[in-house]
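The values are calculated or read from the model by the stated rules, or taken from the named source; none is laboratory data. Note that the structure is predicted; figures quoted are calculated from it, not measured. In case anyone asks, the SASA skips ligands and DNA or RNA and just uses the protein heavy atoms, side chains included. Shrake-Rupley method; radii C 1.70, N 1.55, O 1.52, S 1.80 Å.
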Amino acid sequence: MTAPETPPAAGLVTMFVFFPALVYLGFAESLAHPYLDAVRDAIGIDTLALMVWGVLIVHALEAAAVLYVTANRKYKAKHIAMWLAGTFVFGLYVASQLLLIEAPAAAEGEKKKGDGNKEIEPSATKTGASSKKSAAGAAKARKRD
C-alpha cells in the first residue's frame, strides 16, 4: 500500500500560512499591525470565524468519508489513521489519492475456492459448458431443418 503524497508547495503555503492567518484574524482579541485591523474590518470578524469553522467542518466530513472507504477496503488501523490525519490536515488533495488507488488484494484466506492455487479457466465453468451445449444444440436444430 502506498502512503499519501505531500501536497505541492502551493498547498503547503495555503495550509501553513493562509489558514493560520485566517485563524489569527478571526479570533485574536487585538492585532499586531494596523493593516491587519483594516483587513479584519473589511472582511468582518464574524465572516472570518465562519470561514475557519467551515474549513474545519468540511475537512472533518472528508475525513469521515475516508474512514468509510478505508474501513470497507479493510486497511490496517495504522493505515486508516494515516489517511484520516492526512485528509483532515490537507483535505481533498489526500482524499483524492485514496480514491485513485486500488483496494488492497484480498487476504490469502479469501481466495476463490478451487484446486489449491490453480486458476479456474473460463472454459471449465458451468456457464462456459452450458453455452457450448446450447451452441451445439442450435447447430443440430439447423441441420434438421
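Surface analysis of region 44-93 yields an accessible area of 61 Å² per residue, using protein heavy atoms and a 1.4 Å probe. The residues 14, 70, sorted by heavy-atom accessible surface at 1.4 Å with ligands and nucleic acids left out, run 14, 70 from largest to smallest.
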